[in-house]
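Visitor: Sharing a structure below in structure tokens format, with a few things to ask.
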Amino acid sequence: MENLMEKIVSLAKRRGFIYPGSEIYGGLGGTWDYGPAGVELKNNIKREWWRTFVQLRDDVVGIDAAILMNPKVWEASGHLESFTDPLVECKVCHERLRADHEDEIKEHEKRHQPRIDRIETGPKEKDFWTEPQKFNLMVEASLGVIEGKKQTVYLRGEITQGVHVNFKNVLDSTRIKIPFGIAQVGKAFRNEITPGNFTFRSREFEQFEIQYYIKPDEKEGKKWFEYWKNEVINWYLSLGIKKENLRFRDHTPDERAHYAKDACDLEYNSPFGGWKEFQGIHHRADWDLSRHSKFSSEKLTYTDPETKKEFTPWDIESSGGVDRATLFFLIDAYEEEKLEKDETRVVLRLHPKLAPYKVAVFPLLANKQELINAAKKIYDDLKIEFMTAWDDRGNIGKRYRAQDEVGTPYCVTIDFESLEDNAVTVRDRDSMKQERIAISELKNYLKNELQKTNTR
Ligand code: GAP
């Protein structure tokens with residue numbers, strides 16, 4: 001679909017999903033704010049993730065660690081030394097780009113081509129860019145109140161380390177036994193050289209991760225690596241992402257992060273340059289626990305309760321980006337449907353579990369108090385159970401279109417007949433079919449319909 005990204009960005013702004021960060025001050029590169037619909041969508045994604053991977057499992061527990069950590073954490077984890085991207089600088093305009101982002105490099109060179117051609121002795125392709133330099137991605141902050149005595153700290157570059165440094169705390173305070181996982185959802189920060197593609201590469205973003213601790217054994221490592229690949233892709237499929245838009249891609253040894261023994265990305269077939277990574281499975285082995293043990297002098301081992309054998313567990317990590325997942329759920333759900341008379345409707349076919357609002361309530365007319373009163377009563381009742389929207393502007397057709405664009409599965413209209421027959425019209429987002437439902441049955445009807453998992 002042409003210009004799909006422009007349409008998504010425009011819809012996101014128009015309908016209150018995502019706005020540029022600090023917009024009234026001209027923005028701040030790589031930051032985004034979620035609006036009323038966006039925060040609901042993102043919270044629903046996080047809630048479903050937590051429900052699947054923590055609430056419904058006996059082998060995973062959750063934590064919520066601080067964003068600011070002792071700087072030694074980042075020395076131990078290797079981030080201060082190795083969390084770098086190769087950076088090149090354009091000799092014509094001095095813009096800096098990732099040396100490994102070939103598409104962006106080519107695009108940039110095209111922009112300068114007329115000028116390069118004109119400068120006879122000017123930069124040829126090979127010396128158009130500076131030699132790649134390493135650029136650390138950690139975002140610095142300073143703590144303390146007295147100038148000159150402030151301590152440099154880092155905003156976490158990944159949420160992972162908060163889990164590893166609490167490995168012993170979790171072991172000591174729960175009954176969990178290996179194999180087990182520790183899950184966390186939270187913000188991470190990276191000084192990305194070229195943020196872009198809407199929220200895809202941001203400088204502030206959210207991650208959801210599970211560090212899954214296993215016995216240090218090659219066979220076990222392979223088994224759990226495959227296991228987590230399946231768990232993760234099935235979760236996305238269960239929430240309606242189209243199968244043909246997902247694929248796994250193994251990392252080549254030279255592209256693996258400094259901590260990874262093996263790595264595989266789950267990619268989405270995006271409208272901005274095709275397959276893009278949004279979730280990774282990493283075999284981190286004992287990298288983190290061993291390094292933290294060495295740097296902190298704390299013993300971070302596990303003793304098997306049966307064999308009494310003591311060992312440093314390996315970690316199979318499943319790490320996803322909440323913002324990238326949100327973006328891909330939005331893109332995947334976007335449809336332009338041809339209607340009669342050359343009309344087109346835009347509809348977000350979001351899974352009902354993810355839809356920001358489950359139901360919208362409309363009084364047929366905004367200037368008839370008896371309709372408003374009856375509709376308000378229904379709205380007040382429904383909002384106890386579901387995230388419910390209210391709309392009394394414009395005509396019913398326009399209200400339907402607005403709710404379609406936010407992905408609201410059901411719209412309920414209260415008309416003059418409702419005052420007589422105690423029934424309302426319920427309209428289905430996907431089929432656009434309308435049904436008359438008794439007000440006394442409405443809550444149950446919506447509950448049943450919303451529980452159906454497949455909306456397509
Ligand atoms: N703990 C492992 C780790 O952080 P990663 O592949 O660097 O691994 C995990 O990041 C996920 O975080 C990615 O799959 C992606 O979804 C998300 N992510 C990483 N950098 C991002 C950025 N600049 N903007 C938005 N999301 C990002």
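Visitor: Under unit Cβ charges (Lys, Arg +1; Asp, Glu -1), what dipole magnitude, rounded to 20 debye, does segment 357-451 have relative to its Cα centre?
Guide: My answer is approximately 280 debye.
Visitor: Taking 24 Å as the cut-off for C-alpha to C-alpha distance, list the pairs among Lys7/Lys383; Lys338/Lys433; Lys341/Lys398 that go past it.
Guide: Violating the 24 Å limit, Cα to Cα: Lys7/Lys383.
Visitor: Oh, and also: Please give the FRET efficiency for Thr31 paired with Asn70, using the beta carbon to beta carbon distance and R0 = 22 Å, rounded to the nearest 0.05.
Guide: Efficiency, rounded to the nearest 0.05: 0.25.
Visitor: Counting only DSSP beta bridges with both residues in the chain, tell me the antiparallel percent, nearest 5.
Guide: Given both bridge residues lie in the chain, the antiparallel proportion sits at roughly 85 percent.
Visitor: I've got another one for you. Taking H placed 1.01 Å from N in the peptide plane, check which residues at least 5 places from Arg247 or on another chain put their amide H under 5 Å from its amide H.
Guide: Glu267
Visitor: Note down the nm distance, to one decimal, between modelled labels 7 Å out along Cα→Cβ at Glu441 and at Glu95.
Guide: Going by the 7 Å Cα→Cβ label model, 6.0 nm.
Visitor: Can you work out the FRET efficiency for the pair Asp103 and Gln133, with r the C-beta to C-beta distance and R0 = 25 Å, to the nearest 0.05?
Guide: For Asp103 and Gln133, the calculated efficiency is 0.75.
Visitor: Using 0.36 nm per residue, how much length does the chain from Lys149 to Leu419 gain when fully extended, once their Cα-Cα distance is taken away?
Guide: Full extension of this stretch gives 90.1 nm more.
Visitor: Could you size up the charge dipole of the chain around its Cα centre, putting +1 on the beta carbon of Lys and Arg and -1 on that of Asp and Glu, and report it in debye to the nearest 20?
Guide: For this selection, approximately 540 debye.
Visitor: At 0.36 nm per residue, and after removing the present C-alpha to C-alpha distance, how many nm does the segment from Glu335 to Glu23 gain when stretched out fully?
Guide: Additional length available on full extension: 109.5 nm.
Visitor: Roughly how many Å is it from the Cα centre of segment 355-382 to that of segment 231-295, as a whole number?
Guide: 44
Visitor: What pairs from Lys377/Lys443; Lys177/Lys223; Lys13/Lys110; Lys42/Lys443; Lys46/Lys353 go past 23 Å between their alpha carbons?
Guide: In this structure, Lys13/Lys110; Lys42/Lys443 lie more than 23 Å apart at Cα.
Visitor: Here is a follow-up. Could you pull out the longest piece of the chain with no exposed loop GluC sites (Glu not before Pro) in it, calling a site exposed if DSSP puts it outside H, G, I, E, B and it has at most 10 other Cβ atoms within 10 Å?
Guide: Longest gap between qualifying sites, sites excluded: 148-305.
Coordinate-derived values only; no laboratory data. Keep in mind that what you see is a predicted model, and the values were worked out from it rather than measured. Because the Cβ atoms are built from the backbone with ideal geometry, glycine has one as well, and the counts that use them run over all protein chains shown.
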